[in-house]
1. Starting from the residue with the highest accessible area, list 471, 312, 17 in decreasing order, probe 1.4 Å.
2. Output the peptides 70-79, 409-418 sorted from most to least packed, where packing is the average of other Cβ atoms within 10 Å over each peptide's residues.
3. Mean residue ellipticity at 222 nm from the helices of the chain, using -39,500 (n - 2.57) per DSSP H segment of n ≥ 4 over the full residue count, to the nearest 500 deg cm²/dmol?
4. What are the trypsin sites (Lys or Arg not before Pro) within the range 468-503 that DSSP puts in a loop, where the Cβ has at most 14 other Cβ atoms within 10 Å?
5. Dipole of the chain (Lys/Arg Cβ +1, Asp/Glu Cβ -1, origin at the Cα centre): which of 40, 148, 10 lies farthest to the positive side?
6. Enumerate the calculated ³J(HN,Hα) couplings along the range 474-485 in order (Karplus 6.51 cos²θ - 1.76 cosθ + 1.60, θ = phi - 60°), each rounded to whole Hz, writing x wherever the residue is Gly or Pro.
7. I'd like the Kirkwood hydrodynamic radius of the range 249-397, using the inverse of the mean 1/r over distinct C-alpha pairs, in Å.
8. In the set [x] 35.8; [y] 39.5; [z] 41.5, which value of mean projected area of the Cα convex hull in nm² was calculated from the structure you see?
Amino acid sequence: MADSQELLLQQIKEQGELVRKLKAAKESSEKIKEEVAKLLALKAQLAPEDAAPQKFILKTPKGTRDYTPQQMTIRNEVLQKIITVFKRHGAECIDTPVFELKEVLTGKYGEDSKLIYDLKDQGGEILSLRYDLTVPLARYLAMSKINTLKRYHIAKVYRRDNPAMTRGRYREFYQCDFDIAGQYDPMVPDAECLRVVSEILDTLDIGRYVLKVNHRRLLDGMFEACGVPADNFRATCSTVDKLDKLSWDEVRTEMINEKGVTPEAADKIGEYVRLNGGTELVDKLLKDEKLSKTKAAVEGLDGIKLLLHYCELFGIKDKILFDLSLARGLDYYTGVIYEAVLTQPIKVGNEDQTVGSIAGGGRYDNLVGMFDSKKKQVPCVGVSVGVERVFSVLEARAAAGALRVRTSDVDVYVASAQKNFLDERMKICAELWSAGIKTEQSYKKNPKMLNQLQHCEEAGIPLCVVLGEDELRRGVVKVRDVGARREQDVPRDKLVDELTARIANLNTQLDGNK
């Protein structure tokens, strides 16, 4: 039975390849239909009528999740704050397809390339889900022949990583990218990217942080000075990049056993990657016996020194840490690299949560040229904010009761105290909607008054318009302040003006409390 099943699967594979070749060769539709019919007939044999049905488990795919209204409210508020910062710095928004040609993504991510999701061949193009938003941007710039752009892009990306859901690590997740493309003076846009990250983290107010910086040229120079062959720089760099997760002894062992670095070279690297500081460390390393003789290292150190100067002018020097252990494993980085790290656990209820890296980026001057037919380079620098980790902290606070979240923006609820007021309620809803007032009502013809008021309190709706027979005869309605539980008669023809004034007052109070 197993042998016949394997034979059938092989026939299906061969028939499928034949169909794809016919489509690619643009054979006649009759010929293609004939071979497709054969393919479908073979596939039909895979499901015999007497086969026992398999048990289906209803769940989301590994590393993904659904989002409740409360969680989406938190997310939208965070994203809006981030967009506000991006726009403050003059960024424009773009979007790109969620999947790309596999060739576009191949060879850009070093060892992380194994985490790319490949899509099943649909007969034509070989595709993969995007791994990040940076490579699609480079493809977009090359295709569109764009030389200068300051853009932001917020979208989902996909990685076949081992998920850690409680720490905001998923296989499907949002990235918020800010990038500056164009030929400019050294470190000016690079420093602004760091300023952007600082403003975002200050706005989100989730904890103390430090912005770690390093330079790829310095790393290359360091590896060269320590005796690592040039063709082994990237592999060694990807191992150093694991220092935030592994101890130095574990990293050293991987360097020697898996990456072919000699024990002597590994020990020399270990002396450098333990160092961090500021301008004084840069000056010290410029006088270092090994590094001062290495051109790449000197270029990197000069770049870091200039970057620190500009960060001081931007008012963020106290948040910057020059850290030689920072490597960032992606292959496309060519200059400055940086990473934002929360420096202390986040208090959620009675527990401390360690979040770690929350943003990262750097300079990638050669990526666009990989897609240009004439290899024309467009220098770029950018940063990506790992908002999933921000979300995980805020969602945990909300679950612990430390964060109150309104999932609806409704300002007014139209209620009735007696029966048979559905028509009048609907008229008022239409009138308020036309005036731009966020309004809702019960979908029941004769709802109970207590249930209507309870809904207002649970949903955080601040105002309630209450209809009754006596009020209708007098040409008024009652407007109830839900929080204060006070009611006031308002002339029916003045209702829109009264509600508009009250909502404006509420919004002013809300802005003052932020």
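The values are calculated or read from the model by the stated rules, or taken from the named source; none is laboratory data. Values in this document were obtained by computation on a predicted structure and should not be read as measured data. Because the Cβ atoms are built from the backbone with ideal geometry, glycine has one as well, and the counts that use them run over all protein chains shown. Heads up: the accessible areas ignore ligands, DNA and RNA and are worked out on the full protein's heavy atoms, side chains in. Shrake-Rupley method; radii C 1.70, N 1.55, O 1.52, S 1.80 Å.
1. Solvent-accessible surface, decreasing: 312, 17, 471.
2. Details: 70-79: 16.6, 409-418: 19.0.
Those peptides, ordered most packed to least, come out 409-418, 70-79.
3. On the way: 17 runs with 220 residues, N = 514.
My calculation for the chain gives -13500 deg cm²/dmol from helical runs alone.
4. Working: sites: 473, 474, 478, 480, 485, 486, 492, 494, 502; in loops: 485.
Passing sites in the range 468-503 are 485.
5. Of the options given, the answer is 40.
6. 8, x, 10, 10, 8, 10, 9, 7, 5, x, 7, 6
7. On the way: mean 1/r = 0.0551 Å⁻¹.
Across the range 249-397, the inverse of the average 1/r is 18.2 Å.
8. [x]
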